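Student: Quick one: the structure is below, and I'll ask about it shortly.
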Amino acid sequence: MLESVAPPSTRNPAVQVNGEIIYADEIRARMSSMRAQAESSGQELSVEQRFELRRQAIEDLIDRLLMQQEARRLKLQPTDAEIEATLASVAPKYDGSEGCRADAADPESREDIIARLMVDRLLARWFDNVRPPKIHEVREFYRQNPESFRSPELIAASHIVKHTRDGVDNGEASLAEVRASILAGEDFAAAAKRFSDCPENAGDLGYFPRGVMIDEFDEVAFTAPVGEVTAPFRTQFGWHIVLVRDRRPEGVCAFDEVSARIHATMLRAKQEREVGEKLNALRNKAQYVELGRL
């Protein structure tokens, strides 16, 4: 239970954790960051979720402070070289203006960097206790969760496109000539570099399922035989020809295709459990004092 205390301060203290203070402006900044992150992902927060943000922000800040305190206790201080390298990596890029980097190493930024590096070192120490999953565990996870690795039909395709410009539409005739050149032996990738209005990656679109491209493109590409160059066809972007290089039917991905992903997922879950257990131990030992409205 938090006891109420109200020491004087111009920064509006909110809560004290093991003698160190979290201020109201830190809570507001954390809430703003969380709200912006949610909105950037297209999530529209309900009224209840907006109220919940404050509680989540306070919990996050308490956890971060507890980890900083534990890192100090374990003397996980970063070296000067690590601090300077990190400061340099986050400093504004030099643009020729006098003093453009003046705020890169102000005391607040430096302390924030030190705290972050100490928490990183603490996490690395905690992760040392985590045993990576063995191959038979990864295989068993794959065997028990086949639907998690189901893939839709995929094709690997390359294309050449000619956009319609200023009302002039000669893309069909141009691509018919390009197609004839390819059928006569010219390499498709070389032709894409020379003729396509989208020559990036030599026209290689990689593997993709239905629905990634527009419907008119899918209709042709997903019915084209592998290894054949399609006749020119039109979409809203102009005229195209497509070479389907490979086709993978719908089904469960082979173990070798997903084993690295499974291993990473299992390891991350173990690491998260370890962090949760360590944080719970720190929370249970901590002393909290409410200093203002939470």
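Student: Give me a count of the residues in the stretch 156-210 that are more than 33 Å from the chain's Cα centre (by Cα) and of a type in the set (Asp, Glu).
Tutor: 6
Student: Any residue in the stretch 24-36 that is closer than 13 Å to ARG50 by Cα sitting within a Cβ distance under 7 Å of a residue that is of a type in the set (Gly, Ala, Ser) and part of a helix (DSSP H, G or I)? List the pairs, counting only those 6 or more apart or interchain.
Tutor: Partner pairs satisfying both residue conditions: ARG30/ALA57; MET31/ALA57; MET34/ALA57.
Student: Then there's this: Can you tell me how many residues in the stretch 262-277 are aliphatic (A, V, I, L, M) and in contact (Cβ under 8 Å) with a residue 12 or more places away in the chain?
Tutor: 4
Student: So, one more: Restricting to the stretch 1-42, give me the number of residues that are of a type in the set (S, T, N, Q), modelled with pLDDT of 90 or more and either within 15 Å of GLN287 (Cβ to Cβ) or touching a Ser or Thr at 6+ places or on another chain (Cβ under 8 Å) (or both).
Tutor: Going through the stretch 1-42 one residue at a time, the tally reaches 2.
Student: Now for a different question. Looking only at the stretch 170-191, how many residues end up being in contact (Cβ under 8 Å) with a residue 12 or more places away in the chain and either in a loop (DSSP other than H, G, I, E, B) or farther than 18 Å from ARG234 by Cβ (or both)?
Tutor: Residues in the stretch 170-191 being in contact (Cβ under 8 Å) with a residue 12 or more places away in the chain and either in a loop (DSSP other than H, G, I, E, B) or farther than 18 Å from ARG234 by Cβ (or both): 6 in total.
Student: Can I ask one more? Let me spell it out: the conditions are (1) aromatic (Phe, Trp, Tyr); (2) farther than 30 Å from LEU65 by Cβ; (3) surrounded by 15 or more Cβ atoms within 10 Å (Cβ to Cβ), and TYR207 meets all of them except one. Which number is the exception?
Tutor: (3)
Student: Which of the following residues is modelled with pLDDT of 95 or more, surrounded by fewer than 13 Cβ atoms within 10 Å (Cβ to Cβ) and not hydroxyl-bearing (Ser, Thr, Tyr): ALA254, ALA189, ALA221, ALA281?
Tutor: From the options ALA254, ALA189, ALA221, ALA281, the qualifying one is ALA281.
The values are calculated or read from the model by the stated rules, or taken from the named source; none is laboratory data. Values in this document were obtained by computation on a predicted structure and should not be read as measured data. Positions of Cβ are backbone-derived with ideal geometry, glycine not excepted, and every protein chain shown enters the neighbour counts.
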